[in-house]
Each structure stands twice: as C-alpha cells, then as structure tokens.
Amino acid sequence: MARKPGSSPQAMKNRAAKTAAAIAPASALAQNAPAKKRTSPAQFAREVRAEARKITWTTRKETWITSVMVGIMVVIACAFLAVVDLGLGASMNLLLKLANGG
C-alpha cells in the first residue's frame with residue numbers, strides 16, 4: 001500500500017513547525033522584530049499637520065441635507081415604534097380580556 005504524500009515524519013515536523021509559528025503569541029513575534037525608531041515631538045507635529053491637510057470637510061449644504069435626513073429617519077422610526085406599541089398593547093388587552101372571561 002502506498003503512502004500518502006506528505007505523511008513522512010519530516011513533512012509532519014515541517015507542518016507542525018508552520019502551525020506553531022502561525023499560532024505563536026504576538027509577544028514572541030515582537031521580540032524578534034527590530035526596535036521602532038522614536039519620533040521627536042517636532043516630527044510628530046509635522047506628521048499630524050500633513051495628515052490634517054488630507055481631511056476633506058463637508059460643506060454646509062451637505063451637513064444640512066444629512067441633518068434633515070437624520071431627522072426624517074428619526075420621525076419614521078418613532079412612528080413605526082408607536083404603531084408597533086399600539087398594536088402590541090391592543091393585542092395584550094384583547095388577550096387579557098379573553099383570559100378573564102370578559
């Protein structure tokens with residue numbers, strides 16, 4: 001009977017080593033990684049300013065439209081929940097009346 005490919009002891013050891021490396025804790029990986037270069041406060045400030053320049057702000061019109069849409073969705077959600085509440089309340093009252101022989 002022929003052996004399955006990859007069933008040799010060496011192949012199993014290689015798979016076990018790969019699995020162990022894949023599930024190794026992050027701290028073990030961090031120990032092998034080179035130390036990070038420290039950033040000076042001035043360099044940090046320059047990087048923050050560079051990233052802040054990339055921000056695209058919404059216009060007043062976009063903000064207004066979004067706010068109105070949120071308001072409309074809140075009203076719709078309130079109306080839906082009120083209808084559901086009224087329906088459940090009415091059905092519970094009906095069930096209680098029937099249970100009491102009413």
Using a 10 Å cut-off on Cβ atoms, rank the peptides 70-77, 54-61 from the highest mean neighbour count down. 70-77, 54-61
What are the lysines whose alpha-carbon lies under 21 Å from the alpha-carbon of residue 13, with same-chain residues fewer than 8 places away excluded? 4
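Each value in this text was obtained by applying a stated rule to the coordinates, not by laboratory testing. None of the values given here were measured: they were computed from a predicted structure. Positions of Cβ are generated from backbone atoms using ideal geometry, with glycine treated the same way; all protein chains shown enter the neighbour counts.
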